[in-house]
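Visitor: To start, I am sharing the structure in question, which I have written as structure tokens.
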Amino acid sequence: MSLLDRNRLRLAGLGLALSLAVAAGCTVQPLYGTGGTTASGVPMSAELASVAVAPVRDRVSQEVRNHLIFLLSGGAGEPSAARYTAQLGVSVANAAAASVQVGRDEEPTASLVTVAVSYTLTDTSGTTIGSGSRSAQAPYDVSRQQFAALRASRDAQNRAAREAAELVRLAIAKDISRLSTR
């Protein structure tokens with residue numbers, strides 16, 4: 001069988017699979033954005049904008065919360081009449097990844113910060129709609145200079161917190177879209 005015949009066979013198989021998906025009523029649509037809607041016809045962006053994020057206590061948790069509010073509302077801030085509330089639990093862990101300080105070269109050591117976020121999404125009646133946990137990691141170099149090491153650690157925590165907030169936003173969108181298909 002020649003290469004041309006193999007490619008034709010592959011294309012025929014792909015065409016068959018595509019036609020079966022269309023015939024089966026495949027309804028793929030974006031979770032959020034200008035075109036995505038829930039089963040009730042409400043735009044997903046409006047549903048996400050109606051999620052309030054409960055207050056938190058520490059600095060990294062606040063970084064997660066602030067970025068999550070920004071992502072959910074598209075920069076408009078917290079909703080005045082929230083339909084959903086997200087409770088967050090945030091933990092931070094540091095781990096040394098590698099130590100390469102040799103002699104007087106003052107080469108940095110590598111570390112890794114992990115931000116883990118657990119969330120619970122409830123509606124106005126207090127019914128739990130979804131829950132889960134997401135985590136993100138960010139590497140950083142630890143210098144022998146104390147301030148530089150502290151600043152690098154905080155920058156890594158902020159990067160990981162923002163990444164974790166983006167993952168929680170996706171999970172909340174999934175929970176809301178699942179709710180509207182019931």
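We did not get these values from a lab; they are worked out from the coordinates using the rules stated. All of these numbers come straight from a predicted model, not from anything done at the bench. Cβ sites come from the backbone with ideal geometry, for glycine too, and all protein chains shown count toward neighbours.
Visitor: Measuring from label point to label point, each 7 Å out along Cα→Cβ, what is the A95 to A46 span in nm?
Guide: 4.4
Visitor: For R134, R144, R154, which order do you get if you count the other beta carbons within 10 Å of each Cβ and list the fewest first?
Guide: Least to most surrounded, the residues fall as R144, R154, R134.
Visitor: Listing L88, L68, L170 from the residue with the fewest other Cβ atoms within 10 Å to the one with the most, what is the order? Can you show the working numbers first?
Guide: Details: L88 20, L68 25, L170 13.
Ordered from fewest to most neighbouring Cβ atoms within 10 Å, L88, L68, L170 come out as L170, L88, L68.
Visitor: Quick check: from the Cα gyration tensor, does region 45-180 come out rounded (a/c under 1.5), prolate or oblate?
Guide: On the way: a/c = 3.33, a/b = 2.72, b/c = 1.22.
Taking the square roots of the gyration eigenvalues as a ≥ b ≥ c, region 45-180 is prolate.
Visitor: Cβ neighbours within 10 Å, averaged per peptide: list 116-125, 54-63 in order, most packed at the top.
Guide: In descending order of packing, they fall as 116-125, 54-63.
Visitor: Grab the Cα-Cα distance for R151 and T127, subtract it from 0.36 nm times how many residues apart they are, and report the gain in nm with one decimal.
Guide: 4.5 nm
Visitor: Using a Förster radius of 45 Å, what is the FRET efficiency between A76 and S135 based on their Cβ-Cβ separation? Nearest 0.05, please.
Guide: Efficiency computed from Cβ-Cβ geometry: 0.95.
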